[in-house]
């Protein structure tokens, strides 16, 4: 599987994120990229397939990744 190229991707972050402490997400060529906003695009990008991303969103929607769940 080829490595995704996010150089032309349109990055998005949550409206409530403010000026820091948030992540940005992009979709490019069937891949979802996640990066830290504090790096101004210069840091690493975590890349996920559509299936992996949809599975994560489903788990988040079902409360599987709340802070309480992660702390246990």
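The values are calculated or read from the model by the stated rules, or taken from the named source; none is laboratory data. Computed from a predicted structure; not experimentally measured. FYI the Cβ positions are ideal-geometry reconstructions off the backbone, even for glycines, and counts take in every protein chain you see.
The set of residues in the range 31-61 that are touching a residue at least 24 places away in the same chain (Cβ under 8 Å) and under 13 Å from residue 9 (Cβ atoms) comprises 31, 33, 35, 41, 45, 47. Inspect all residues belonging to the range 11-20 and state whether any of them is outside any strand (DSSP E or B), in contact with a helix residue (DSSP H, G or I) (Cβ under 8 Å, 6 or more places away or on another chain), modelled with pLDDT under 90 and surrounded by 11 or more Cβ atoms within 10 Å (Cβ to Cβ). Scanning the range 11-20, I find at least one residue that is outside any strand (DSSP E or B), in contact with a helix residue (DSSP H, G or I) (Cβ under 8 Å, 6 or more places away or on another chain), modelled with pLDDT under 90 and surrounded by 11 or more Cβ atoms within 10 Å (Cβ to Cβ), so the answer is yes. Quick check on the range 46-53. Is at least one of its residues over 10 Å from the mean Cα position of the chain (by Cα) and surrounded by fewer than 11 Cβ atoms within 10 Å (Cβ to Cβ)? Yes; the residues of the range 46-53 include at least one that is over 10 Å from the mean Cα position of the chain (by Cα) and surrounded by fewer than 11 Cβ atoms within 10 Å (Cβ to Cβ).
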